[in-house]
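Novice: Have a look at this one before I ask anything.
What follows is calculated from the coordinates using simple rules that are stated; it is not laboratory data. Keep in mind that this is a model prediction, so the values were computed, not measured. For neighbour counting, all protein chains shown are included, and Cβ atoms are generated from backbone atoms with ideal geometry for every residue, glycine included.
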Amino acid sequence: MTRAYYSTVLDHPLDTVWSLIRDFNNYPAYIEGVSESVIEDDRRGDEVGAVRRFCYLGNWVRQRLAGHSDQQHSLTYAGIEPLPFPPDLIPDTPQPTHYEGTMRLLPVVEGDRTFIEWSVKLDTAPGDADRWHTLFQSWIPDWTNSLVRTLARREADGR
């Protein structure tokens, strides 16, 4: 088991950030590369147990909402199927991994900003942990920066 982690401060109020990410089905709104997302079985995007199926960079992924708290401004998701390592990134491709990610927001009083931490626990084959960790350590900041760009566009549009 390995854990990838990233945190930063966003120059937006906590309520603004949470209103964007709290709906599990809102992934395409703030993650570049996600072209489509559907919640299965007519569940709500804040209902623990809901399954989202989304297309990320042409690949379909299914995740279950494992935890959701409006009070703690956090959500946890778990991959339903093991995630395959992207092909052609490295020779000797690692085995697929099981994973669980958590996004948590905290208020930063100074400047009415938001502290975000995003972590992903990876249950990898023993020899694959370093390669998976390196990949997620690059992905999580990319996803967070995508969120930052979305928030900036919304602010510029007056939303």
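Novice: If you place +1 on the Cβ of every Lys and Arg, -1 on the Cβ of every Asp and Glu, and leave all else neutral, what size is the dipole of region 108-159 about its Cα centre, to the nearest 20 Debye?
Specialist: Result for region 108-159 is approximately 220 debye, rounded to the nearest 20.
Novice: About its Cα centre, what dipole magnitude does the chain give when the only charges are +1 on Lys and Arg Cβ and -1 on Asp and Glu Cβ, stated in debye to the nearest 20?
Specialist: Magnitude of the dipole: close to 80 debye.
Novice: Next up: Can you find, among 13, 39, 26, the residue farthest towards the positive end of the dipole of region 7-47? Put +1 on the C-beta of Lys and Arg, -1 on that of Asp and Glu.
Specialist: 13
Novice: Also, quick follow-up: Roughly how big is region 41-108's charge dipole about its Cα centre, with Cβ charges of +1 (Lys, Arg) and -1 (Asp, Glu), in debye to the nearest 20?
Specialist: Dipole size: approximately 120 debye.
Novice: Moving on to the next point. Through the Karplus equation 6.51 cos²θ - 1.76 cosθ + 1.60, θ set to phi - 60°, convert the phi angles of region 103-108 into ³J(HN,Hα) values in whole Hz; use x for Gly and Pro.
Specialist: The phi angles translate into 10, 9, 10, 9, x, 10 Hz.
Novice: Could you tell me the ratio Rg/Rh of the chain? Both radii from Cα atoms, Rh via Kirkwood.
Specialist: We get a ratio of 0.97 for the chain.
Novice: Under the Karplus relation 6.51 cos²θ - 1.76 cosθ + 1.60, θ = phi - 60°, what is the ordered set of whole-Hz ³J(HN,Hα) values for region 17-33, x standing for Gly and Pro?
Specialist: 5, 5, 4, 7, 9, 5, 7, 4, 8, 8, 3, x, 6, 9, 10, 4, x
Novice: How much length is gained on full extension from residue 153 to residue 16, taking 0.36 nm per residue of separation minus their Cα-Cα distance?
Specialist: Using 0.36 nm per residue and subtracting the Cα-Cα distance, I get 48.1 nm.
Novice: Counting residues in region 70-159 as N, plug N into 2.2 N^0.38 Å and put the Cα Rg over that result.
Specialist: Compactness ratio reported: 1.34.
Novice: In whole Hz, with x marking every Gly and Pro, tabulate ³J(HN,Hα) for region 133-149 from phi via Karplus 6.51 cos²θ - 1.76 cosθ + 1.60, θ = phi - 60°.
Specialist: 4, 4, 5, 5, 5, 8, 5, 4, x, 4, 5, 5, 5, 5, 4, 4, 5
Novice: Can you compute the helix-only [θ] at 222 nm over the chain? Use -39500 (n - 2.57) per DSSP H run of at least 4 residues, normalise by all residues, nearest 500 deg cm²/dmol.
Specialist: Rounded to the nearest 500, the figure is -8000 deg cm²/dmol.
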